[in-house]
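**Student:** First the structure, which I've put down as structure tokens, then a few questions once you've had a look.
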Amino acid sequence: MNSFYTKDELDKIGFKSVGDNVLVSRYARFYNPGTIIIGNNVRIDDFCILSGDIVLNDYIHISAFCGLYGKYGIEIDSYSGLSPRCTIFSATDDFSGDYLIGPMVDPSLSNVTGGKVILKKYCQIGAGSVIFPDITIDEGVAVGAMSLINKSLREWSIYAGIPCKFVKMRSKKLLDLL
């Protein structure tokens, strides 16, 4: 048996839409697949979890063990990717102690906030990185491994660290390859 779903099997999962040449591991999990759009030439590896409103455009790779939690939306534009064990949160609980926490708690007793997370074209997020809600990562950004992205990042830059900080400008030579 192939480790990726066939096109017919992907159609039966019930995604909002699925493009051509899509490879999705049989070990990936999807919650509310009817809110997930997958473009062309997308690969999603083993043990990934995708939940909520998610748009994956074309030529995207989501590496193993990534989590995309799209309560308020996640959009990843073309030619971008997540290295292993990246997590994107579009929502967060209030940990102040003034509210209860967790999905099984009555919503009137919790304080979940957030906003859409957008990765524009040609972005690469390093292994083990975490992206907080309501963040835009502009075109061409590269983020080093194990970084915490808690603010929007400006285009064609390289960032790293906890929290991530600007390291240097990134080359645009990759644009000549298209």
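Bear in mind these aren't lab numbers, they're just calculated from the coordinates by the rules spelled out. Note that this is a predicted model, so its numbers are computed, not measured. Here the Cβ is made from the backbone with ideal geometry for all residues, glycine too, and neighbour counts use every protein chain on show.
**Student:** Ranked highest first by the average count of other Cβ atoms within 10 Å around their residues, in what order do 46-53, 79-86, 168-175, 113-120 fall?
**Tutor:** 79-86, 113-120, 46-53, 168-175
**Student:** What whole-number value in cubic angstrom gives the convex hull volume per residue for the C-alpha atoms of region 65-130?
**Tutor:** 89
**Student:** State, to one decimal in nm², a quarter of the convex hull surface area for the C-alpha atoms of region 120-178, i.e. the direction-averaged projected area.
**Tutor:** It is 3.7 nm².
**Student:** Kindly state, to the nearest 0.05, the FRET efficiency for K173 paired with F47, given R0 = 41 Å and r defined as their beta-carbon distance.
**Tutor:** Efficiency, from the Cβ-Cβ distance: 0.80.
**Student:** State to the nearest 20 debye the size of the charge dipole of region 1-94 about its Cα centre, where the only charges are +1 on K and R beta carbons and -1 on D and E beta carbons.
**Tutor:** 220
**Student:** Can you work out D for region 1-103 in µm² s⁻¹ from Stokes-Einstein, where Rh is the Kirkwood radius over C-alpha pairs, the temperature is 37 °C and the viscosity is 0.692 mPa s?
**Tutor:** For these conditions, the coefficient is 234 µm²/s.
**Student:** How long, wide and thick is region 5-52, going by the Cα atoms along their three principal axes, in whole angstroms, largest first?
**Tutor:** Ordered largest first, region 5-52 gives principal extents of 21, 21, 16 Å.
**Student:** Something else: State which entries of K7/K172; K16/K172; K151/K172 exceed 28 angstrom in Cα-Cα distance in the structure shown. Don't jump to the answer; show the numbers that get you there.
**Tutor:** On the way: K7/K172 35 Å; K16/K172 33 Å; K151/K172 23 Å.
Violating the 28 Å limit, Cα to Cα: K7/K172; K16/K172.
**Student:** Another question, if that's okay. Rank G70, Y99, I135 by how far each Cα sits towards the positive end of the charge dipole of the chain (+1 on Lys, Arg Cβ; -1 on Asp, Glu Cβ) and give me just the farthest.
**Tutor:** Towards the positive end, the residue furthest out is I135.
**Student:** Right, another one. In whole Å, largest first, what are the principal axis extents of the Cα atoms in the chain?
**Tutor:** 50, 44, 22
**Student:** At 0.36 nm per residue, minus the direct Cα-Cα distance, what do A160 and I13 gain on full extension? Give it in nm, one decimal, please.
**Tutor:** Contour length minus the Cα-Cα distance gives 49.3 nm.
**Student:** For the chain, with only Lys/Arg (+1) and Asp/Glu (-1) charged at the beta-carbon, what is the dipole magnitude about the Cα centre, in debye rounded to 20?
**Tutor:** Dipole size: approximately 580 debye.
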